[in-house]
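Enquirer: Sharing a structure below in structure tokens format, with a few things to ask.
The values are calculated or read from the model by the stated rules, or taken from the named source; none is laboratory data. Remember, predicted model here, so these are calculated numbers, not experimental data. So basically every Cβ, Gly included, is an ideal-geometry build from the backbone, and we count neighbours across all protein chains shown. Note: areas computed on protein heavy atoms with side chains; ligands, DNA, RNA excluded. Shrake-Rupley method; radii C 1.70, N 1.55, O 1.52, S 1.80 Å.
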Amino acid sequence: FSNENISVIFVLGGPGSGKSTQCPKIAQQFGCTHISAGELLREELKSGSEDSVMIQKNMEKGELVPSIFMTKLLQRAMKESGKKFFLIDGFPRNLENLDAFSTLVGIKPKFVLYLYCSEEVMQERLLTRNQGRDDDNIATITKRFEASKSVYPVIQFYHSIKKLYMIDAEKSVDEVFEDINTIFHHWTK
Ligand code: UP5
């Protein structure tokens, strides 16, 4: 898997901030390939692979799977797509994830979007989305909120190197998309 001409953008934000709502829209508008870390785990879980038990245990506790495991799943999905411009949704969630990605994949993101939203709003969204996700119950949501704080040092890092864009994700879906559009246009200019 050659890294030549490969571009990556990370889309981060708490559970229910709207990552998976916005990423397909961005992907369509800007011709990139959307890869959701959580979705890769749910697919792997459904496939019944030898890692299913480990994935299920972590997801139901709202905890993270090992960094190297997640990075390898992402790397495989990138490779299998045959594409070169990726929107990576929901990763890296802590500094260890970031280190694993830097070491194994070796690609630095062009920039990073962080969708920020209060826990109150995110909780309301998760409890009403009705997509049948096993982790959308109040006990697991509370744990996911706790676990999601590990992303803060990642956010601080990208802020310090001026690659971070903060998006107010409490606005409507269209308004959030509009704000993201502005950033992409600015970057692609
Ligand atoms: N909605 C969205 N935007 C809205 C808006 N602007 N106004 C009003 N409503 C809005 O949105 C959630 C709901 O809100 C939807 O009903 C939507 O219509 C509405 P969604 O876009 O689905 O939010 P998203 O941020 O994608 O929320 P999600 O629950 O998917 O985020 P999580 O980060 O919790 O989930 P993810 O799938 O990334 O991870 C799940 C688990 O996988 C983790 O808890 C962890 O156990 C594991 N994981 C790892 O271990 N490692 C990883 O690297 C990644 C995941």
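Enquirer: Run the accessible area of the chain with a 1.4 Å probe and give the carbon-and-sulfur part as a rounded percent.
Expert: Roughly 50 percent of what the probe reaches on the chain is carbon or sulfur.
Enquirer: Heavy atoms only, 1.4 Å probe, whole protein assembly: order 108, 84, 25 by accessible area, highest first.
Expert: The residues order as 108, 84, 25, largest area first.
Enquirer: Sorting 150, 67 by accessible area (1.4 Å probe), largest first, what list results?
Expert: 150, 67
Enquirer: While we're looking at this one, here's another question. What do you get for GluC sites (Glu not before Pro) in segment 30-70 restricted to DSSP loop and a cutoff of at most 10 other Cβ within 10 Å of the site's Cβ?
Expert: 50
Enquirer: Got a number for the accessible area of residue 188? Probe 1.4 Å, square angstrom, nearest 10.
Expert: Looks like 80 Å² after rounding.
Enquirer: Any idea of the accessible area per residue across the chain, 1.4 Å probe, to the nearest Å²?
Expert: Spelled out: the 1.4 Å probe surface of the chain, per residue, equals 54 Å².
Enquirer: Longer than 27 Å from Cα to Cα, which of 61/162; 46/163; 61/149 are they? Say none if no pair is.
Expert: Table pairs above 27 Å Cα-Cα are 61/162; 46/163.
Enquirer: Provide the solvent-accessible area of residue 110, counting protein heavy atoms only and rolling a 1.4 Å probe, rounded to the nearest 10 Å².
Expert: Counting only protein heavy atoms, the figure is 90 Å².
Enquirer: Around residue 34, which amide H atoms from residues at least 5 apart in sequence, or from another chain, sit under 5 Å from its own amide H, with H modelled in the peptide plane?
Expert: Counting only residues 5 or more places away or on other chains, the set is 87.
Enquirer: If you don't mind, there's one more thing I want to ask. Output needed for the chain: three equivalent-ellipsoid semi-axes, defined as square roots of 5 times the C-alpha gyration tensor eigenvalues, in descending order, whole Å.
Expert: 23, 22, 16
Enquirer: Once you've got the Cα coordinates, tell me which of 84/171; 19/84; 19/143 are over 27 Å apart.
Expert: 84/171
Enquirer: Another question about this same structure. For residue 72, list the aspartates and glutamates whose Cα falls under 19 Å from its own Cα; do not include residues on the same chain fewer than 8 positions away.
Expert: Cross-link targets: 4, 39, 43, 44, 50, 51, 63, 80, 89, 96, 99.
Enquirer: In Å, what Rg and Dmax follow from the Cα atoms of segment 12-119?
Expert: 13.7, 37
Enquirer: Each residue of segment 170-185 in order: what ³J(HN,Hα) in whole Hz does its phi give by Karplus 6.51 cos²θ - 1.76 cosθ + 1.60, θ = phi - 60°, with x for Gly and Pro?
Expert: Result, ordered by residue: 8, 6, 5, 3, 5, 5, 4, 4, 4, 5, 5, 4, 4, 5, 4, 4 Hz.
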